[in-house]
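The values are calculated or read from the model by the stated rules, or taken from the named source; none is laboratory data. Quantities reported herein were computed from a predicted structural model and do not represent experimental measurements. Note: ideal-geometry Cβ built from the backbone for every residue, glycine included; neighbour counts use all protein chains shown. Surface areas here come from the heavy atoms of the whole protein model, side chains and all, with no ligands, DNA or RNA. Shrake-Rupley method; radii C 1.70, N 1.55, O 1.52, S 1.80 Å.
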Amino acid sequence: MSSRVKFVDFAAKKESLASKDKPLQVINSKGEIINKEIFDQYSDEELVDLMKLMVWERTLHQRSNALTRQGRLGFYAPTEGQEASEMGAQLAFKKNDYLLPAYRDVPQLIKHGLPIWKAFLWSRGHVLGNDFEEEGVVGLPPQIIIGAQYVQAAGVALGIKKNGLTDTVAYTFTGDGGTSQGDFYEGINFAGAYQVPAVFFVQNNGYAISTPRHVQTAAETLAQKAVAAGIPAVQVDGMDILAVYEVAKAARDYAAGGNGPALIESLTFRFGPHTNAGDDPKRYRSTDEEKPWFDSDPLIRLRKVLMDKKVWSEEIENTYIEEVKAEIKDAVKKADEAPKQKVSEFLENVFEEPTPDIVEQIAAFKAKEAK
Amino acid sequence: MAKMSYIQAITDALRVELKNDDKTLIFGEDVGKNGGVFRATDGLQAEFGEERVFDTPLAESGINGLAMGLALQGFRPIPEIQFFGFVFEAMDEIAGQMARTRYRMNGKVGLPITIRSPFGGGTHTPEMHADSLEAVVATVPGLRVVTPSNPYDAKGLLISAIKNNDPVVFLENLKLYRSMKDEVPEGEYTVPLDKAKVVREGTDITIIAYSAEVNESLKVAEKLEKEGKSVEVIDLRSLSPIDTDTLVASVNKTHRVVVVQEAQRMAGVAAKVVSDISERAILALDAPIGRVSAPDTIYPFGLAEDDWLPGAAEIEEKVREILDFN
């Protein structure tokens, strides 16, 4: 029995698992255009708009950070470093597309129609932050339970298909840690099984709080997880907004075209902590590891390209930052004006028709609130 | 009117609502061609097509997440969890997501989802199929939980559940599926989602029960009638909310009460009933409130079920004890 015929080579199989495709990149971290064919499709105006989107998100981040420290915001998950990944993706979708974000995807939600003052109320823990009706925001508030939005996205997309909505998709975000959840697998698998118009976007920023990507999985890429669900997937340089926009748009076109779902793994990096509630990346990341990512800042590379083209300057950027700051200042003011929340109103919103117990409790709280 | 079993009444309710509202969708494991492992959806895919009645991949969280997503797109989903013992796989989507959506979105978004699932014991199913997990969902704000004890209520309650604009967990008792027949009206009728029913009037003592234990309680009432004891039996029908008014009215009349559940003593619906009565009618009581339940073990292996489940004998013993209390 000592020598058996070797009929399967598992070691070789393991080598062949991952896609050999390189993540799409248009501008590298040095600001060199490495895919001229794609780059040349963009007008100067479009490039400036992409830059503005990232400056907008960076400014929103900086102000949110400061406001959190001042106690004027509540929960905040920093987005610095992920501007290309988030804005490049968001720009590829339309207002009628259904967005299922996670908690680091508030910038996308704002660009999808949620006013900043409402996003701030969500951060503070006020129900008006989740009231999407007035603005007609097509989507859900940020998901907290990692991965739960992936199964819901499959359902929304099946609903879009059953309703016969054309040129409409569901799109959802999670992080690298999110791809370890059962709901991640169930969501992409259901979407594949029903061939629904859904785009699954994974922002691989290297860490789930402190747990590095390599601890999450033996899979060489997170994109390859989609293969098992029969879903096409690509990796993209998530620090390159042109590359992210290109793959997100291609994925959206594919899904909206009735071809079934698609998945994107965006390789990005969270420059700061997980949240502003005491996380310190120094506990789990070395400066050696951080440096190449900081050098890869998505704003630096596009800024260089635009300055070389003489369509962007420090002055233009600073003027725009001041505009965004003013917009944020107004939003804080508006958030401050929100009425105090009432327990009686929460009780009224548990069911469409309050139950007898709840009717009693509403009366009790209304009496208390009238004092 | 036709005589229908409990499961036929369920199928009939589903058929009525598939016909009435083209936004209703039925889906779950094996519910399509196979008509469900208990045949609750038998023939519905053939009649209404694969767009309306369809099989899902085998994943309970996925099924309920799908339901939530479909509801957000304007559908009225009726997912099935094949056995309620499998519900833990779906608890986040049900209790964490669906249940809180209306509240979370300032009352602007309702999710009209009816989750159907067989529960309870006594049919010697394999491990982890049978279970009495109703309290797990009945203690979640934002969910309604109903369970019928007979074919008439099964149809009327299920139609009400489907028409309701909030998530409803509709629990079907495994043992009752084929063990009883009732006159069931044709077409649409509703049984209210939050009203208990006095199924037998009496003046000496009230038994409060739900699902299969209602029928066990009725056996006890009939037996004691021959001894001149007048026993009132109430079917809760709704486990969340509990219709306390109906219970209190009965206790004010009989002054003695026994609460019965098939679930373990620590697994809460009877405990909620006892505390509601204590809060609102303790001075009307002539005796302590009696409670009949299964013992606090993990749900038993199939061969031990008969020794474990409380039935007419245990109810009778407790009713006699409370009647004799002075």
All positions within the stretch A:142-151 that are part of a loop (DSSP other than H, G, I, E, B) and either small (G, A, S) or more than 7 Å from every other protein chain (Cβ to nearest Cβ) (or both): A:P142, A:I144, A:I146, A:G147
Filter pass, A:L114 being closer than 30 Å to B:F54 by Cβ, crowded, with 20+ Cβ neighbours inside 10 Å, touching a strand residue (DSSP E or B) at 6+ places or on another chain (Cβ under 9 Å) and not basic (K, R): no
Boolean, B:E232 is of a type in the set (D, E), part of a strand (DSSP E or B) and at pLDDT 95 or above: yes
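Here's the yes/no breakdown for (1) open to solvent by less than 20 Å² (accessible area, probe 1.4 Å); (2) over 17 Å from B:E134 (Cβ atoms); (3) in a loop (DSSP other than H, G, I, E, B); (4) modelled with pLDDT under 95:
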{"position": "B:G187", "(1), (2), (3), (4)": "no, yes, yes, no"}
{"position": "B:T246", "(1), (2), (3), (4)": "no, yes, no, no"}
{"position": "B:V251", "(1), (2), (3), (4)": "yes, yes, no, no"}
{"position": "B:A267", "(1), (2), (3), (4)": "no, no, yes, yes"}
{"position": "B:V274", "(1), (2), (3), (4)": "no, no, no, no"}
Test: residue in the stretch B:98-105 that is in contact with a helix residue (DSSP H, G or I) (Cβ under 9 Å, 6 or more places away or on another chain), of a type in the set (V, I, T) and either open to solvent by less than 20 Å² (accessible area, probe 1.4 Å) or in a helix (DSSP H, G or I) (or both): yes
Single match in B:V136, B:V146, B:V199 (criterion: in contact with a strand residue (DSSP E or B) (Cβ under 8 Å, 6 or more places away or on another chain) and away from every other protein chain (no Cβ under 13 Å)): B:V199
Residue satisfying all of: in the stretch B:30-56; open to solvent by less than 30 Å² (accessible area, probe 1.4 Å) and within 9 Å of another protein chain (Cβ to nearest Cβ); farthest from B:D92 (Cα to Cα) among these: B:F54
Selection within the stretch A:152-179 - at the interface with another protein chain (Cβ under 7 Å from one of its Cβ atoms), more than 16 Å from A:A226 (Cβ to Cβ) and not charged (D, E, K, R): A:Q152, A:G155, A:V156, A:L158, A:G159, A:I160, A:N163
Segments classed as helices (runs of 4 or more DSSP H), wholly inside the stretch B:1-83, with at least 3 members that are under 23 Å from B:M180 (Cβ atoms): B:6-20
Filter result for A:L114 (within 10 Å of chain B (Cβ to nearest Cβ) and either at pLDDT 95 or above or not in a loop (DSSP other than H, G, I, E, B) (or both)): no
Candidate set: the stretch A:1-28, residues that are in contact (Cβ under 8 Å) with a residue 60 or more places away in the chain and outside any loop (DSSP other than H, G, I, E, B); chosen: the one most open to solvent (accessible area, probe 1.4 Å): A:L24
Qualifying position, being crowded, with 24+ Cβ neighbours inside 10 Å, within 14 Å of another protein chain (Cβ to nearest Cβ) and more than 14 Å from the chain's Cα centre (by Cα), among A:L121, A:L128, A:L100: A:L121
Matching option when the condition is over 16 Å from B:P141 (Cα atoms), at the interface with chain A (Cβ under 7 Å from one of its Cβ atoms) and touching an Asp or Glu at 6+ places or on another chain (Cβ under 8 Å), among B:G85, B:G110, B:G69, B:G65: B:G65
Out of A:G31, A:G71, sole residue that is outside any helix (DSSP H, G or I), more than 30 Å from A:D279 (Cα to Cα) and more than 19 Å from the chain's Cα centre (by Cα): A:G31
Residue count, the stretch A:319-368 (criterion: more than 14 Å from chain B (Cβ to nearest Cβ) and either over 30 Å from B:N164 (Cα atoms) or open to solvent by 80 Å² or more (accessible area, probe 1.4 Å) (or both)): 22
Number of the exception - B:I115 against (1) more than 9 Å from every other protein chain (Cβ to nearest Cβ); (2) among the β-branched types (V, I, T); (3) crowded, with 24+ Cβ neighbours inside 10 Å; (4) outside any strand (DSSP E or B): (4)
Where A:G182 falls short, out of the listed (1) facing chain B (nearest Cβ under 7 Å); (2) over 19 Å from A:P261 (Cα atoms); (3) out of contact with any Asp or Glu (no Cβ under 7 Å at 6 or more places or on another chain): (2)
Qualifying positions in the stretch B:231-268 - within 14 Å of another protein chain (Cβ to nearest Cβ), closer than 21 Å to B:A312 by Cβ and aliphatic (A, V, I, L, M): B:L236
Per-region count, the stretch A:251-263, residues surrounded by fewer than 17 Cβ atoms within 10 Å (Cβ to Cβ) and not acidic (D, E): 3
